[in-house]
Amino acid sequence: MTQLESAKSGNITPEMKFVAERESLSPEYVRDGVARGTIVITRNVNRDIDPLGIGEGLSVKVNANIGTSRDHKDFSEELEKLHAAEDAGAHTVMDLSTGGDISEVRRSVLEQSSVPIGTVPLYQIAADAPKKAKSFLDTTPDEWLEAIEAQGKEGVDFITVHCGITRESVKKYRSEGRALDVVSRGGSFSIHWMDENDAENPLYEYFDRLIEIAREYDMTFSLGDGLRPGCIADATDRGQISELIILGELQSRATKAGVQVMIEGPGHVPMDQVRANIQIQKRLCHGAPFYVLGPLVMDIAPGYDEITGAIGGAIAAYAGADFLCYVTPSEHLRLPDVEDVRRGVIASLIAAHAADLARRRPGTFERNLEMARARANMDWDEQIRLSIDPGRAKKMRESRPSHDEDACSMCGELCAIKVSKKKAKV
């Protein structure tokens, strides 16, 4: 039985107990959330990792993307990124490889990771087509499904499938017009295939077969937002919302069949529309966990998009988003390097913690209070230990020119805390 099937039967699994303990919640709360489809537990039956809970009432989780490209196929660097992401605190990692031996990269990532791993199977289908002396446009629905099943068998914990891109949703986005068209790779691949084959999207047409595959491995669907806005001008348009309506329908079908589902979301969204986007998703998709890219709240910060994504992520998570896909400084510019990965994870963790703190998640206020007390006591070791990025905090502390062990080099003897302590002793 899948986690969802067990939950619906009233059974509390060891995985539910584990998530409940980690989240400081009751096992029954987690079971009920899984049964209703508002919580997912991402772990393929073929993997031996700690189960991860994502969804309503749980702490906000962060995903890091890694993966090769056709221009950059350094296999060892992707594994270094994997470890950097995990060390920085990422809760999940997605392998989005499109270059080199994609299967080898994925298998190594699965073997070496200690967190749930996600993929976008369509990337490999498109990348491997030339190896079979054919175009991606000549691939068949059976080949798509076979590739997805192969990844489920290998142990992939969750997959992004762009099932909401249909002839209907494509027609609606095209009739409205966009400033930046389609920016999702999976979305653009699907639309190109549909146009050239004059056929419906196989991932939508054969969704029941997808359900059978996912149920066998208890693989979680992450229903992809192939029509997400790629710029502020396109946010919350007809194409995006029409796709979301379809995803809500598919979420109901999958949940009834015992398969866990998350919904992916935008994209580039101005601050004033972020909360509305969360509310619309939760309403149309029956409270399913919402997995958001950023969202990025402006278009004009290349090189700093981990910041634009963190701003949007904090607002989204406070409004009810459950899962943040990190954005790195290299977004829109190049394939991320190891340092980009680390910075992207930390930025999203900051956003997630800010939302958890505002949502009164257990332990968040207490951790911040501990930091305040450590600062009051000028206990630098404790301040570093409590930091989201202890390595960076320690490095900065050790680089100061001041020899004052109590204060930092910005204030020295003029430190407000030191002055206050002296006054208190008088």
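Structure above, values below:
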{"item": "Top-ranked residue in region 317-338 [being charged (D, E, K, R) and in contact with a strand residue (DSSP E or B) (Cβ under 9 Å, 6 or more places away or on another chain); ranked as surrounded by the most Cβ atoms within 10 Å (Cβ to Cβ)]", "result": "D322"}
{"item": "Subset tally (residues that are outside any strand (DSSP E or B) and buried (at least 22 other Cβ atoms within 10 Å of the Cβ)) for region 1-42", "result": "11"}
{"item": "Residue count for region 43-84, restricted to those that are of a type outside the set (S, T, N, Q) and not in a loop (DSSP other than H, G, I, E, B)", "result": "17"}
{"item": "Unique match (being within 15 Å of L247 (Cβ to Cβ) and among the aliphatic types (A, V, I, L, M)) among V109, V161", "result": "V161"}
{"item": "Residue under evaluation S108, criteria (1) of a type in the set (G, A, S); (2) touching a Pro at 6+ places or on another chain (Cβ under 8 Å); (3) more than 24 Å from Y291 (Cα to Cα), criterion not met", "result": "(2)"}
{"item": "Residue in region 267-290 that is under 12 Å from the mean Cα position of the chain (by Cα) and not in a loop (DSSP other than H, G, I, E, B) present", "result": "yes"}
{"item": "Helices (runs of 4 or more DSSP H) lying entirely in region 328-426 (those with 2 or more residues that are under 25 Å from the mean Cα position of the chain (by Cα) and β-branched (V, I, T))", "result": "338-358"}
{"item": "Out of A314, A352, A374, sole residue that is at pLDDT 95 or above and touching a strand residue (DSSP E or B) at 6+ places or on another chain (Cβ under 7 Å)", "result": "A352"}
{"item": "Tabulated pairs, region 114-132, first farther than 24 Å from Y217 by Cα, second assigned to a loop (DSSP other than H, G, I, E, B) and not small (G, A, S), C-beta under 8 angstrom, 6+ apart or interchain", "result": "A127/R70; A127/T98; A129/T139"}
{"item": "Scan of region 113-134 for residues that are under 14 Å from A64 (Cα atoms) and either in contact with a Phe, Trp or Tyr (Cβ under 7 Å, 6 or more places away or on another chain) or in a helix (DSSP H, G or I) (or both), ordered by number", "result": "P116, G118"}
{"item": "Residue count for region 136-152, restricted to those that are touching a helix residue (DSSP H, G or I) at 6+ places or on another chain (Cβ under 6 Å) and either in a helix (DSSP H, G or I) or free of Cβ contacts under 8 Å to residues at least 24 places away in the same chain (or both)", "result": "10"}
{"item": "Candidates V274, V341 - the one that is buried (at least 24 other Cβ atoms within 10 Å of the Cβ), more than 18 Å from I241 (Cα to Cα), touching a helix residue (DSSP H, G or I) at 6+ places or on another chain (Cβ under 9 Å) and modelled with pLDDT of 95 or more", "result": "V341"}
{"item": "Considering residues of region 270-316 that are of a type outside the set (K, R) and free of Cβ contacts under 8 Å to residues at least 24 places away in the same chain only, the residue nearest to T255 (Cα to Cα)", "result": "D272"}
{"item": "Criterion (touching a Gly at 6+ places or on another chain (Cβ under 8 Å) and over 28 Å from V105 (Cβ atoms)) met by exactly one of A235, A257", "result": "A235"}
{"item": "Qualifying residue in region 103-112 (condition: acidic (D, E), assigned by TED's automatic domain parsing to the domain that holds R185 and assigned to a loop (DSSP other than H, G, I, E, B))", "result": "no"}
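The values are calculated or read from the model by the stated rules, or taken from the named source; none is laboratory data. This one's a predicted model, so the numbers in the text were calculated from it and none came from an experiment. Cβ sites come from the backbone with ideal geometry, for glycine too, and all protein chains shown count toward neighbours.
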